[in-house]
Amino acid sequence: MTAALAELLDVTRAFPGDPEVQALKDVSLTINDGDYLSIVGPSGSGKSTMLNILGLLDRPSVGQYRLAGHVTADLGDHQRAALRARAIGFIFQAFHLLPHRSVLDNVLLAMLYSGVPRQERVPRALAALERVGLGHRLHFLPTTLSGGERQRVAIARAVVSGPRLLLADEPTGNLDQATSGEVMALFEELNRGGLALVVITHDDAIARRAARRVRILDGRLSEQA
Ligand code: ADP
Ligand code: MG
């Protein structure tokens, strides 16, 4: 039996306050290498909270999260950061590129804490940027690129360290329909190469492209048959 890549076991995430908000309630989910999941749900239903836990940016209040064979609650801060850098890639709606650094630097900087040996970083960054079709934009600043190009830089940055799980929070939310299709096609090509892909979206057409579809309503998760 091979272990799951990522496993949420009865996870609740409560934000203290008056009243307390339970952003996730008793959520269990298993993700295997090569899976392709979409997550839909209304604003405030807990989608980003779940992605943040999957990506080790946040922790369950109750329940367990296992990633790549680790019980994540047992990890110290340093081990957690190292596992995140090695195993996880993140993509955000607003791209989150460094505006005053070149396209190439944005991708190189992503490898600082990932354990990629120094002499391999430039060749890997170049290969990742070629792969997303931006080999001709290496020395451009992100602010001079189109939205679709910026998101492709973000994808190169997210995959350059060779993660097993790619987490995308509304990755096409700032893109027009044609560009969204191109970005999704790129994700799907990476997924066919074995990378597990989780995409939060408001767009039903995008959600339907995924092999597994998960819905979150008021912190509770259900998977479509
Ligand atoms: P979604 O991504 O589906 O729009 P979120 O996961 O961002 O939803 O939020 C789910 C719920 O948790 C919301 O009610 C939100 O206000 C609350 N929440 C999220 N993050 C925090 C936080 N850091 N502190 C307090 N409440 C939060
Ligand atoms: Mg959100």
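For segment 167-175, take each phi angle, set θ = phi - 60°, evaluate the Karplus expression 6.51 cos²θ - 1.76 cosθ + 1.60, and give the result in whole Hz per residue in order, putting x for glycine and proline.
Computed from phi, the couplings for segment 167-175 are 10, 10, 9, 6, x, 10, x, 10, 10 Hz.
Would you mind working out the magnitude of the charge dipole of the chain relative to its Cα centre, with +1 at each Lys and Arg C-beta and -1 at each Asp and Glu C-beta, to the nearest 20 Debye? List each step's numbers first, then the result.
Numbers: 25 positive and 24 negative charges, 114 e Å.
For the chain, the charge dipole is close to 540 debye.
Can you bin the chain into rounded, prolate or oblate? Criterion: square roots of the alpha carbon gyration tensor eigenvalues sorted a ≥ b ≥ c, rounded for a/c under 1.5, prolate for a/b above b/c, oblate for the rest.
Numbers: a/c = 1.74, a/b = 1.39, b/c = 1.26.
Prolate shape, in that a/c is at least 1.5 and a/b is the bigger ratio.
Using a 1.4 Å probe over the heavy atoms of the protein chains, calculate the carbon and sulfur portion of the accessible area of segment 14-60 as a whole percent. Could you put the intermediate results ahead of the total?
Working: 940 of 1990 Å².
That share works out to 47 percent.
Accessible area, 1.4 Å probe, largest first: how do Glu120, Glu20 sort?
Values: Glu120 75, Glu20 105 Å².
I get Glu20, Glu120, largest accessible area first.
Per residue, how much accessible surface does the chain expose to a 1.4 Å probe? Answer in Å², no decimals. Working shown, then result.
Details: 10940 Å² over 225 residues.
Averaged over the residues of the chain, the accessible area is 49 Å².
Share of segment 86-133's accessible area from carbon and sulfur, percent, 1.4 Å?
Numbers: 1520 of 2670 Å².
Roughly 57 percent, rounded to a whole number.
Could you run the Karplus curve 6.51 cos²θ - 1.76 cosθ + 1.60 with θ = phi - 60° over segment 116-131 and give me ³J(HN,Hα) per residue in whole Hz, x for Gly and Pro?
Each residue of segment 116-131 in turn: 6, x, 3, 5, 8, 5, 5, x, 5, 4, 4, 5, 5, 6, 4, 4 Hz.
Loop only by DSSP, 11 or fewer other Cβ within 10 Å of the Cβ. Give me the trypsin sites (Lys or Arg not before Pro) in segment 144-209 that pass, ordered by residue number.
Values: sites: Arg150, Arg152, Arg157, Arg164, Arg192, Arg208, Arg209; in loops: Arg164, Arg208, Arg209.
Loop-located and lightly packed - none at all.
Under the classification rounded if a/c is under 1.5, otherwise prolate if a/b is larger than b/c and oblate if not, where does segment 107-173 fall, given a ≥ b ≥ c as square roots of the Cα gyration tensor eigenvalues?
Numbers: a/c = 2.09, a/b = 1.24, b/c = 1.68.
Verdict is oblate for segment 107-173.
Return the long-range amide H neighbours of Tyr113 (sequence gap of 5 or more, or a different chain), with a cut-off of under 5 Å between placed amide H atoms.
Those lying under 5 Å, H to H, from Tyr113: there are none.
Expected output is a single nm value to one decimal: the length gained when fully extending between Asp26 and Thr143, i.e. 0.36 nm times separation in residues minus the C-alpha distance. What is it? Don't skip to the end; give the middle numbers.
Details: separation 117, 0.36 × 117 = 42.12 nm, distance 4.15 nm.
Roughly 38.0 nm would be gained on extension.
Ignoring everything except DSSP H segments at least 4 long, calculate the 222 nm mean residue ellipticity for the chain; use -39,500 (n - 2.57) per segment, divide by total residues, nearest 500.
Values: 7 runs with 73 residues, N = 225.
Per the formula, -9500 deg cm²/dmol.
Calculate one ³J(HN,Hα) per residue across segment 208-225 by plugging θ = phi - 60° into the Karplus curve 6.51 cos²θ - 1.76 cosθ + 1.60, and present them in order as whole Hz with x for glycine and proline.
Result, ordered by residue: 5, 5, 6, 6, 10, 10, 10, 10, 10, 10, 6, x, 10, 9, 9, 9, 5, 5 Hz.
I need the shape label for segment 139-214. Rule: rounded when a/c is under 1.5, else prolate if a/b > b/c, else oblate, with a, b, c from the alpha carbon gyration tensor.
Working: a/c = 2.18, a/b = 1.23, b/c = 1.77.
Oblate.
Pairs of Cα atoms under 8 Å, at least six residues apart: use those to get the relative contact order of the chain, whole percent. The partial results should precede the final answer.
Details: 427 pairs, mean separation 67.4, N = 225.
Normalised by residue count, the contact order of the chain is 30 percent.
For Asp169, Asp105, Asp18, Asp10, write out the residues from largest to smallest accessible area, computed with a 1.4 angstrom probe and no ligands counted. Kindly include the intermediate steps, with their values, before the conclusion.
Details: Asp169 25, Asp105 50, Asp18 155, Asp10 85 Å².
Of Asp169, Asp105, Asp18, Asp10, the descending order of accessible area is Asp18, Asp10, Asp105, Asp169.
The values are calculated or read from the model by the stated rules, or taken from the named source; none is laboratory data. These numbers come from a predicted model, not from an experiment. Neighbour counts are summed over all protein chains in view; Cβ atoms, including those assigned to glycine, are modelled from backbone coordinates with ideal geometry. Side chains included, ligands, DNA and RNA excluded: accessible areas come from the protein's heavy atoms. Shrake-Rupley method; radii C 1.70, N 1.55, O 1.52, S 1.80 Å.
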